[in-house]
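Each value in this text was obtained by applying a stated rule to the coordinates, not by laboratory testing. Everything numeric in this text was worked out from a predicted model, so none of it was measured. Please note: Cβ atoms are built from the backbone with ideal geometry, for glycine as well, and neighbour counts cover all protein chains shown.
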Amino acid sequence: MQTPSGHPVGSTSAARLVVLASGGGSNLAALLAAHDAPGYGARVVGLVTDKPTAGALDLARDAGIASAVVAPADFEDRAAWDRGVAEAVAVFRPDLVVLAGFMRILSPSFLDRFPGRVVNTHPALLPSFPGAHGVRDALAHGVRVTGCTVHVVDAGVDTGPILAQVAVPVLPDDDEASLHERIKVAERALLVETVGRIARDGLRVVDGRAVIG
Ligand code: GRF
């Protein structure tokens, strides 16, 4: 059995993870903390960000992980930027691409470069509250339970096959920041666990459903 990119599952070499992040990078930090564990099966080999000021860059540097900044302002148009991101990711030879707080939509041609190998973490229980403001929208709707979702990325916005989810309670005095921080605690654990399973057991999409192993 293999990971989507042919990485032999159970091999001694770890699956190569490339993380895309736009912000502080606490999800990246969680993957960096996990990837040294014996038997985890995956290693972060590169970070790609659209933001030169992303805190994730400092985390990567401190961890000795190579990074690339692909800022839209440096490209003539969106399509050129998208190609730039794909090239920057490809340089790291990923077995799995992990979007961890990457706040831009990637094109179908980007996904075609890494078929079945791009996963995303979203701070809501998809299909509810997709998009850039999932935490705010859930709070505004008045839900009592929200959570986080790890899913395979498809051409839609947060619409790909779901891999794993965790429910997180909404407390009466929550604001967006307090709720998001509570979600992120669960999200980091879910992402580390799900990425490790994919690396060790492989990932397939069968009849629109994501299957690990
Ligand atoms: C995460 O909650 C992610 O789901 C959302 O943005 C947050 C990024 O957090 N899209 P961090 O940069 O990993 O700390």
Can you name the number of the only condition in (1) among the aliphatic types (A, V, I, L, M); (2) touching a Phe, Trp or Tyr at 6+ places or on another chain (Cβ under 7 Å); (3) assigned to a strand (DSSP E or B) that VAL119 fails?
(2)
Answer with yes or no whether ASP158 is touching a helix residue (DSSP H, G or I) at 6+ places or on another chain (Cβ under 9 Å), in a loop (DSSP other than H, G, I, E, B), within 11 Å of the ligand (Cβ to nearest atom) and among the charged types (D, E, K, R).
yes
Determine whether ALA138 is farther than 27 Å from LEU32 by Cα and in a helix (DSSP H, G or I).
yes
Please go through the range 86-108 and give me each residue that is under 24 Å from ILE162 (Cβ atoms) and not in a loop (DSSP other than H, G, I, E, B), ordered by number.
VAL89, LEU96, VAL97, VAL98, LEU99, PRO108
Step by step: first the residues of the range 161-191, then only those that are among the aliphatic types (A, V, I, L, M) and closer than 10 Å to ALA124 by Cα, then the one that is farthest from the ligand (Cβ to nearest atom). Which residue is that?
ALA167
Subset of the range 26-65, residues of a type in the set (D, E, K, R) and either within 15 Å of the ligand (Cβ to nearest atom) or without any contact (Cβ under 8 Å) to a residue 24 or more places away in the chain (or both), comes to ASP36, ASP50, LYS51, ASP58, ARG61, ASP62
Can you say whether ALA80 is of a type in the set (A, V, I, L, M), surrounded by fewer than 22 Cβ atoms within 10 Å (Cβ to Cβ) and assigned to a helix (DSSP H, G or I), as far as the supplied structure shows?
yes
Within the range 180-201, identify whether any single residue is in a loop (DSSP other than H, G, I, E, B) and either farther than 23 Å from ALA86 by Cβ or within 16 Å of the chain's Cα centre (by Cα) (or both), and answer yes or no.
no
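Rundown of residues vs (1) in contact with a strand residue (DSSP E or B) (Cβ under 6 Å, 6 or more places away or on another chain); (2) closer than 25 Å to PRO108 by Cβ, yes/no style:
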residue	(1), (2)
ASP36	no, no
ALA42	yes, no
VAL45	yes, yes
LYS51	no, yes
ALA60	yes, no
GLY64	no, no
ALA68	yes, yes
GLY84	no, yes
VAL168 - would you say it is among the hydrophobic types (A, V, I, L, M, F, W, C) and under 15 Å from the mean Cα position of the chain (by Cα)?
no
Taking the range 159-181, which residues are surrounded by fewer than 17 Cβ atoms within 10 Å (Cβ to Cβ) and in contact with a Pro (Cβ under 8 Å, 6 or more places away or on another chain)?
THR159
Only residues that are among the hydrophobic types (A, V, I, L, M, F, W, C), more than 23 Å from VAL89 (Cβ to Cβ) and near the ligand (Cβ under 10 Å from one of its atoms): list them for the range 116-147, please.
ALA124, VAL135
